[in-house]
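The values are calculated or read from the model by the stated rules, or taken from the named source; none is laboratory data. Predicted model, so just to flag it, every value in this text is computed and none were measured. Here Cβ is always computed from backbone atoms with ideal geometry, including for glycine, and neighbour counts include all displayed protein chains.
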Amino acid sequence: MPSPPSPFASTYAQARELFSRTAQAAGGHLTAISHPLPGPTGESLAIDLALLGPDDAHTVVVCLSGVHGAEGFAGSGAQVAWLQHHAGGSLPDGVSMLFVHGVNPWGFAHGLRGTEDNIDINRNWLDHTQPHPQNPLYAEIHPHLCPPDMSRASVEKMLMAGGRFVERHGQWALEDAISRGQYTHPDGYHFGGTSLAWSTRELQKVVRERLATARRVAYVDFHSGPVGNGETIFLCFSDEESVSRTRAAQWWGEDALAAQTVEKQWGSQRPTRSGIVFWGLEKMLEGQADVAGAVVEFCSARARSEARYIMRIPMLERWLRFVGGLDAPEAPGYLMEIRDTYAPRRADWERRVAAGAIDVLDKTLAGAAAWAHES
Ligand SMILES: [Zn+2]
């Protein structure tokens, strides 16, 4: 039997095609939610759904990719790797799997992390009619993170300002202010939006329409970007003492979820968060279904010791969006750097991510099977 093609794609259109073909071969039922905008080469954009198993199962494994657009190259490869591995197999009784491919298809196709509105989907799932979570320190650092160009002089200036901020508030406060989510600067970093993004609205519809009979939801949301070579980091957003947290630890091991492990892998104490998809899903399904699971990060970025590379990748994205434009002469090089950070085209990295994805989803499915039989 010929070996299956590499699960990793070069372009968004290829990723979609590969996902659809593989999901179909694995017995999946496919549907697509069309995005209103075209991709960079005129290709159509969509969130693709593949359901394996019955559409009225009480226990559903929900697996997402591309919540952060460009990270979809890793997440799509991870989904396809498991689907190739599963082809011909069957699911445990009472369990179905819903794959959601390319949650932020505009960002995925353009090779950027945010949406068409520069929104971070994993900070956007909130009731926007209510006052937004505060992030008062963000306004202080924002102007320094928005240089007019990416020259060494501009970056040095940013680092000086960052140093002064750290003297005043500490190192963790800097990371936290930048990444926890902010709702005041639409041209800034980790902007959570002031209304629901297209992707969040469509995800909510998916929950309403496709998880209507679910009583137990196992959540696996594939991301990439931390420093490393294909290792997995589990970011669990359930309360430490909760049943959901205990359940996730049963699936993936207490050690993998322990704060000590995660902080060592992540490189610092985890920042605060607001508006994340996991909490949104949990809240939406409150009283109907229990939700357990995690964001699973695949390490993908090269370690760089020089301070001037800190923030380089998010700054490149911001520069492309708000300063130079996606048709600037620098754009192809910058986009290649961003791509290389989230999903490097290296066989050893792709092998590790594929193996990690199969391990994570096999364990989740085994956990879901046991969960389905709990009374
Ligand atoms: Zn991410």
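With the requirement that a residue be touching a strand residue (DSSP E or B) at 6+ places or on another chain (Cβ under 7 Å) and over 17 Å from ILE233 (Cα atoms), what does region 56-75 give you?
Correct list: ALA57, HIS58, THR59, VAL60, VAL61, VAL62.
Which of the residues spanning region 19-48 are farther than 27 Å from LEU335 by Cα and assigned to a strand (DSSP E or B)?
Scanning region 19-48 gives HIS29, LEU30, THR31.
Only one of these is closer than 28 Å to TRP106 by Cβ and surrounded by fewer than 20 Cβ atoms within 10 Å (Cβ to Cβ): ARG308, ARG245, ARG345. Name it. Please lay out each step first, then the result.
Working: ARG308 fails: closer than 28 Å to TRP106 by Cβ; ARG245 fails: closer than 28 Å to TRP106 by Cβ.
On inspection, the qualifying residue turns out to be ARG345.
What number of residues in region 169-188 are exposed (fewer than 13 other Cβ atoms within 10 Å of the Cβ) and modelled with pLDDT of 95 or more?
So the answer is 1.
Of all residues in region 46-96, count the ones that are of a type outside the set (D, E, K, R), under 16 Å from the mean Cα position of the chain (by Cα) and under 23 Å from ASN118 (Cα atoms).
13
With the requirement that a residue be more than 26 Å from the chain's Cα centre (by Cα) and not in a helix (DSSP H, G or I), what does region 105-149 give you? Step through it out loud before you land on a result.
Keep residues of region 105-149 that are more than 26 Å from the chain's Cα centre (by Cα), which gives 140, 143-144, 147-149.
Within region 105-149, PRO147, PRO148, ASP149 meet the criteria.
Select, from GLY114, GLY107, GLY94, the only residue that is touching a Ser or Thr at 6+ places or on another chain (Cβ under 9 Å) and either within 15 Å of the ligand (Cβ to nearest atom) or of a type in the set (A, V, I, L, M, F, W, C) (or both). So that I can check it myself, show each step before the final result.
Numbers: GLY114 fails: touching a Ser or Thr at 6+ places or on another chain (Cβ under 9 Å); GLY94 fails: either within 15 Å of the ligand (Cβ to nearest atom) or of a type in the set (A, V, I, L, M, F, W, C) (or both).
Just one listed residue meets the conditions, GLY107.
I'd like the full set of residues that are touching a strand residue (DSSP E or B) at 6+ places or on another chain (Cβ under 9 Å) and within 18 Å of PHE99 (Cβ to Cβ), limited to region 354-375.
GLY356, ALA357, ASP359, VAL360, LEU361, THR364, LEU365, GLY367, ALA368, ALA369
Take region 314-348 and flag every residue that is in a loop (DSSP other than H, G, I, E, B) and not charged (D, E, K, R).
Filtering region 314-348 down to residues in a loop (DSSP other than H, G, I, E, B) leaves 323-330, 343-346.
Within region 314-348, VAL323, GLY324, GLY325, LEU326, ALA328, PRO329, ALA343, PRO344 qualify.
Looking at region 123-133, can you tell me whether even one residue there is surrounded by fewer than 19 Cβ atoms within 10 Å (Cβ to Cβ) and touching a Phe, Trp or Tyr at 6+ places or on another chain (Cβ under 8 Å)? Talk me through it step by step, then tell me what you get.
If we filter region 123-133 for residues that are surrounded by fewer than 19 Cβ atoms within 10 Å (Cβ to Cβ), which is where we start, we get 127-133.
Next cut, touching a Phe, Trp or Tyr at 6+ places or on another chain (Cβ under 8 Å) only: 132-133.
Within region 123-133, one or more residues are surrounded by fewer than 19 Cβ atoms within 10 Å (Cβ to Cβ) and touching a Phe, Trp or Tyr at 6+ places or on another chain (Cβ under 8 Å).
Go through VAL295, VAL353 for me and flag whichever is touching a residue at least 60 places away in the same chain (Cβ under 8 Å), within 17 Å of GLU231 (Cβ to Cβ) and touching a Leu at 6+ places or on another chain (Cβ under 6 Å). Walk me through it before giving the result.
On the way: VAL353 fails: touching a Leu at 6+ places or on another chain (Cβ under 6 Å).
The match here is VAL295.
Can you report the number of residues in region 208-239 which are of a type outside the set (A, V, I, L, M, F, W, C), within 16 Å of the ligand (Cβ to nearest atom), in a loop (DSSP other than H, G, I, E, B) and within 20 Å of ASN122 (Cα to Cα)? If you could, list the steps in order and put the result at the bottom.
Of region 208-239, the ones of a type outside the set (A, V, I, L, M, F, W, C) are 208-210, 213, 215-216, 219, 221, 223-226, 228-232, 238-239.
If we keep only those that are within 16 Å of the ligand (Cβ to nearest atom) as well, we get 219, 221, 223-226, 228, 230-232.
Filter once more, so that each one left must be in a loop (DSSP other than H, G, I, E, B): 225-226, 228, 230-231.
If we keep only those that are within 20 Å of ASN122 (Cα to Cα) too, we end up with 225-226.
Adding up the residues that qualify gives 2.
Residues being in a loop (DSSP other than H, G, I, E, B) and at pLDDT below 85: count how many of those fall in region 258-271. Steps first, please.
Restricting attention to region 258-271, the residues satisfying the condition of being in a loop (DSSP other than H, G, I, E, B) are 258, 267-271.
After this cut, where a residue has to be at pLDDT below 85 as well, the list is 267-271.
Qualifying residue count, region 258-271: 5.
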